[in-house]
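Notes to accompany the following structure.
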Amino acid sequence: MSLLRVSGTKIVDEDEKEVILRGAGLGGWMNMENFVSGYPGCEFQIRQALADAIGEEKSGYFFDKFLEYFFMDDDAKFFSSLGLNCIRLPFNYHHFEDDMNPRVLKESGFKHLDRVIELCAAHNIYTILDLHTAPGGQNTGWHSDHGGHLANFWVHKDFQDRTVWLWEKLAEHYKGNKWIAGYNPLNEPTDSMHTRVVSFYKRIHSAIRAVDPSHIIFFDGNTWAQDFSHFGDAHKNWDNTAYSIHDYSPFGFPASHEPYSGTEPQRQRMQQTYQKKREWLDERELCVWNGEWGPVYARKQYEGDATEKINEVRFRVLKDQLEIYNKDRLSWSIWLYKDIGFQGMVYVSTSTPYMTLLRHFLAKKHRLAVDQWGADDSAVKHIYKPLIDHVLEEIPAENREIYPHPAWRLPDRVGLLSRNILVSEFMVKEWAEHFVGKDLDELDKIAASFKFDACEKREGLNKVLTENAKAVA
Ligand SMILES: O[C@@H]1[C@@H](O)[C@H](O[C@@H]2CO[C@@H](O[C@@H]3CO[C@@H](O)[C@H](O)[C@H]3O)[C@H](O)[C@H]2O)OC[C@H]1O
């Protein structure tokens, strides 16, 4: 067995045989996320708050157990049984480098990453290493763990230097590992100038290649992996490189402008948005990987009797997206393997200690729509409307289009800053207080809620993924 590599538009093995990577992202694990793992705000905030509430030792214990239980042999076995062959592993740079001790490698960061790569390999699953959170934040989202809405990675050279340094260390550690399909150096950059991302990719490509000449590099397009139009001729100097689009269909989300029923015009729109993201790559005959996509789902505890009906529609979206991908023999990684019930292939059961402990708090979070991803703001819309109207009234139309407009319009930005950043920040302490007074045994049981056998399986989703796992055009 040898390393996978890019050959033209395809990924191939050592016998030149095409390998279509089909799998999921392990979001919420080494890069925890609010809606995935069940807390408000960002990972750095809850880690600090828990340490403040129960002490460094106990909080360190809890997070380490969480990392262990989140993905174990049972998970790899199940994943492989579905016919899937690749897991994208998002991780946060904080596991490898402390902001107050920059450029000193924390070897402890490899503990769980190595463990999961090995578990996957034992079940014939490739992995793709995804730096989801870089110093300063490479994008505007909560998932790059900076607590704000600005991607400061692009304005401080030192943040970029540290990321290059980190990838040199990672490449040194993982070079030659045949079960690693490749490196995804930066999740979803949002560079408002569109040029700095290309300059950075040139640097990171050279830096990785100087250490590791063989692994595939998967570069995300700018603006959440949707736009390659400013990449110019840089790709001509990048060997063994694939390009990642993220293809979330608006039809798979609560905010969809119309109910999806798979009509011809709707399917055409779905096809067009996907096509638009890869058009530039196709014109240059480059290798495309869909690194994130997938609908979110309704939950009984929130959507009640409407849950099943809503989810039938979401499964339809899922199937129709896959039909498009199969025609292109596309490699893909659905978002998300495991979570607390919104998007995962498996999700923590509501009867577990974690979900029981946080039941009322999670319901409050849902009602206040403090998570940005797929938020349902119907209970609080009226509160933010006057604020949006006020800004609209005072800000002339020509000044309203701040990058990443039009993906984020003015009302989205007001909602993001006031709900998803401001209100959520005030809820962080409340989350941590749930753990006060728990001993190590109780903390272990709470963390164990994330074990495979404590999870429900989203059968409808897994069935569709399995049916498509080996399908080609
Ligand atoms: O960690 C993941 C994260 O990678 C993912 O990021 C989101 C990707 O989608 C972005 O929204 C798109 C904006 O453009 C529209 O045209 C698309 O329809 C939208 O999907 C969003 O802003 C990013 O945060 O999200 C899920 C996280 O868990």
Helices (runs of 4 or more DSSP H) contained in region 269-363 and holding at least 1 residues within 14 Å of the ligand (Cβ to nearest atom) and free of Cβ contacts under 8 Å to residues at least 12 places away in the same chain | none
Pair list, Cβ < 7 Å and 6+ apart or interchain, from region 449-473 residues that are under 16 Å from W335 (Cα atoms) to residues that are modelled with pLDDT under 95 and surrounded by 15 or more Cβ atoms within 10 Å (Cβ to Cβ) = none
Considering every residue within region 139-147, establish whether at least one is on the phi > 0 side of the Ramachandran plot and touching a Ser or Thr at 6+ places or on another chain (Cβ under 9 Å).
-> yes
With respect to I180, determine if the residue is modelled with pLDDT of 95 or more and either among the polar types (S, T, N, Q) or more than 30 Å from I402 (Cβ to Cβ) (or both).
-> yes
A234 meets each of (1) within 30 Å of H366 (Cα to Cα); (2) more than 16 Å from the ligand (Cβ to nearest atom); (3) at pLDDT 95 or above with one exception, condition (1)
Hey, H94 hits all of (1) surrounded by fewer than 21 Cβ atoms within 10 Å (Cβ to Cβ); (2) under 19 Å from the mean Cα position of the chain (by Cα); (3) in a loop (DSSP other than H, G, I, E, B) but one; which does it fall short on?
-> (3)
Under 9 Å between Cβ atoms, at least 6 apart or on separate chains: pull out the pairs that start in region 227-254 with a residue that is at positive phi and end on any residue that is surrounded by 15 or more Cβ atoms within 10 Å (Cβ to Cβ) and of a type outside the set (A, V, I, L, M, F, W, C).
-> N240/R5; N240/G182; N240/R209; N240/S214; N240/H215
When only residues in region 150-175 that are polar (S, T, N, Q) and under 13 Å from L186 (Cα atoms) count, which is surrounded by the most Cβ atoms within 10 Å (Cβ to Cβ)?
-> T163
Filtered residue count, region 208-239, keeping only those that are in contact with a Pro (Cβ under 9 Å, 6 or more places away or on another chain), of a type in the set (A, V, I, L, M, F, W, C) and in a helix (DSSP H, G or I) | 3
Residue by residue through region 28-86, note down the ones that are polar (S, T, N, Q) and within 15 Å of the ligand (Cβ to nearest atom).
-> N31, N34, S37
Is it true that some residue in region 371-390 is part of a loop (DSSP other than H, G, I, E, B), out of contact with any His (no Cβ under 9 Å at 6 or more places or on another chain), of a type in the set (F, W, Y) and at pLDDT 95 or above?
-> no
Single unsatisfied condition, D389 versus (1) over 30 Å from Q266 (Cβ atoms); (2) in contact with a Pro (Cβ under 8 Å, 6 or more places away or on another chain); (3) charged (D, E, K, R) = (2)
Only one of these is touching a Gly at 6+ places or on another chain (Cβ under 9 Å) and surrounded by 14 or more Cβ atoms within 10 Å (Cβ to Cβ): G147, G136, G109. Name it.
-> G147
Residue that is nearest to the chain's Cα centre (by Cα), among those in region 403-441 that are part of a loop (DSSP other than H, G, I, E, B) and loosely packed, with under 12 Cβ neighbours inside 10 Å = P406
Scanning region 255-268 for residues that are in contact (Cβ under 8 Å) with a residue 24 or more places away in the chain and assigned to a loop (DSSP other than H, G, I, E, B), which turns out surrounded by the most Cβ atoms within 10 Å (Cβ to Cβ)?
-> Y260
Considering region 244-260 alone, what residues qualify as being of a type in the set (A, V, I, L, M, F, W, C), touching a helix residue (DSSP H, G or I) at 6+ places or on another chain (Cβ under 8 Å) and either modelled with pLDDT under 95 or more than 10 Å from the ligand (Cβ to nearest atom) (or both)?
-> I245
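The values are calculated or read from the model by the stated rules, or taken from the named source; none is laboratory data. No experiment lies behind these values; they were computed from the predicted model shown. Reconstructed Cβ throughout: ideal geometry from the backbone, glycine too, with neighbour counts over all protein chains shown.
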